[in-house]
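Encoded as structure tokens, the structure appears first; notes follow it.
The values are calculated or read from the model by the stated rules, or taken from the named source; none is laboratory data. Everything numeric here is computed off the predicted structure, so don't read it as measured data. Reconstructed Cβ throughout: ideal geometry from the backbone, glycine too, with neighbour counts over all protein chains shown.
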């Protein structure tokens, strides 16, 4: 049977690492994808043998996994053809014979759990990253396949509560493991010269980092910032990321002749330096799970203005470590951004409190440790001697 664990000791008297399969929808540069890579690459290799299966084409993060010696198999499927790879994934799982499969993101959760059942993988863990609001049919399909799942890991308590109430998940099968951040990487990053983007070094700069997708509500930020420019003509806004709304956003900017104040630069690998060079982060999402960019901004000491949605109130104490706004409110976002940029000395206190909160509760090391503890508990349920 696939997943049968070998308990015999090797020549040195040590047990071989336990095989874990990791399945994700894609490996593009997104928040969930980066957390996935951090988890897989930081596992204790003396204890675990990870292997990654990606449903879509190799993304920018595949090379980072392979550089650490982790095997990556990509199935090159589009979102519309995810189901076509289930039998191929099951075949690969049969070859690898993992003891546990961990999946991230909606399509990988569904395809992974079905393939794992076909391959006889003993333990299946699904990673729930957002409060899924794109349609009740997604929640129904998730519930319909829950019998194939041994445990669900939610990224925040808000997502866990949503999933239990709206996806009818059993409370006993749900844990919360928040995202983590590599604190030193962001706190000690070198600021990037704004001239690179044709911006002034002196004028305030607001940063958005994320997918240009309706979920992130970038047009709410555009509308709010257009109002701010009426009063503060030198203020600047930089969008880092890509997505289906990019062309519409660019047309909006051109039509209002705001090209000198607002720029779209696509995905970039130098986000830590961008966070250190900006004056505030704005994220007006309509729903979330626990946005990594907020944690990264807090670690960098960058003041944040974010929507009060799932997970953000578990990161931000309003007025102490950042500012929360009502989702979809252009006026409130406008007011809070202005408040942050005109606050002066109070920004120092905000930044220090945010950095302290990250160090206390949201390090990458604590995240990985909690996943490893979960895996051990699940393995011990099946075979006490396997841990």
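The figures follow:
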| read-out | value |
| --- | --- |
| Residue 97 vs. criteria in the same structural domain as residue 44 (by TED's automatic domain parsing), closer than 27 Å to residue 286 by Cβ and over 20 Å from the mean Cα position of the chain (by Cα) | no |
| Whichever residue in region 357-380 is over 17 Å from residue 43 (Cα atoms) and free of Cβ contacts under 8 Å to residues at least 24 places away in the same chain and, among such residues, is surrounded by the fewest Cβ atoms within 10 Å (Cβ to Cβ) | 360 |
| Residue that is modelled with the lowest pLDDT, among those in region 291-307 that are assigned to a loop (DSSP other than H, G, I, E, B) and touching a strand residue (DSSP E or B) at 6+ places or on another chain (Cβ under 8 Å) | 291 |
| Residue 158 assigned by TED's automatic domain parsing to the domain that holds residue 374, within 20 Å of the chain's Cα centre (by Cα) and more than 24 Å from residue 376 (Cβ to Cβ) | yes |
| Check on residue 352, modelled with pLDDT of 90 or more, within 17 Å of residue 186 (Cα to Cα) and surrounded by fewer than 17 Cβ atoms within 10 Å (Cβ to Cβ) | yes |
| Selected residue (only one of 310, 334, 288, 314 is touching a strand residue (DSSP E or B) at 6+ places or on another chain (Cβ under 8 Å), touching a residue at least 40 places away in the same chain (Cβ under 8 Å) and either assigned by TED's automatic domain parsing to the domain that holds residue 206 or within 15 Å of residue 219 (Cβ to Cβ) (or both)) | 288 |
| Candidate set: region 255-271, residues that are under 28 Å from the mean Cα position of the chain (by Cα) and in a loop (DSSP other than H, G, I, E, B); chosen: the one surrounded by the fewest Cβ atoms within 10 Å (Cβ to Cβ) | 269 |
| Given (1) closer than 28 Å to residue 21 by Cα; (2) assigned by TED's automatic domain parsing to the domain that holds residue 251; (3) modelled with pLDDT of 95 or more, number of the condition residue 124 does not satisfy | (2) |
